[in-house]
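The values are calculated or read from the model by the stated rules, or taken from the named source; none is laboratory data. Computed from a predicted structure; not experimentally measured. Using ideal geometry, Cβ is built from the backbone for each residue, glycine included, and neighbour counts are taken over all protein chains shown.
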């Protein structure tokens, strides 16, 4: 009976965040040292909020990160169901994590939109990467620009499977004309991670470039996006 009493006391103290070692108290660390001092695991532990009888919130955070080998970009693709496979992560905690990661993605996208003038392939990549950089399927997007290179709009034109998506040339230029765009930039992602354009990528690009010449809407570039970086048709001399 005495043994059970002491074990209960120990477990209760473990669950009390004030009794943890300082390194296991991420909230206090953020307040005293600032958010820049925090590790990924510590920030995630704050989202998780509480641990279990045998693990702290920080332990759970490390277990969650281990799913993707501590790759935050890949963590953004994890579903609620996958997160719940981690012992101690229930639906509520999983939803909190997914929501926070989505907010981070949207913040990145809004920051990119603040720089609305496209002057080089890097600007195109920074604008479109938050939209398609970490997807597990292919999507084809188009960026519309005016004569000064200012972004008018950008949106997804088609959504495909893992390997490919279908591009409708007429639909793209119909939209560009309706928005009075002077030029466009094409973009799609490669979930496989390869940065080399496929034969189909080259054919689609050539078709759109030719159509743009007829309609006097120049195709400035075609960006292939992966989680590791990007490929620019213009930088590689495939669009002149």
Within the range 208-223, how many residues are farther than 15 Å from residue 145 by Cβ and touching a helix residue (DSSP H, G or I) at 6+ places or on another chain (Cβ under 8 Å)? 1
Looking at (1) assigned to a loop (DSSP other than H, G, I, E, B); (2) touching a strand residue (DSSP E or B) at 6+ places or on another chain (Cβ under 9 Å), which is the only condition residue 70 fails? (2)
Condition broken by residue 88, with the remaining ones in (1) assigned to a helix (DSSP H, G or I); (2) at pLDDT 85 or above; (3) touching a helix residue (DSSP H, G or I) at 6+ places or on another chain (Cβ under 6 Å) satisfied: (1)
Could you name every one of the strands (runs of 3 or more DSSP E) located completely within the range 105-223 that has at least 1 residues being modelled with pLDDT of 90 or more and loosely packed, with under 15 Cβ neighbours inside 10 Å? 151-159
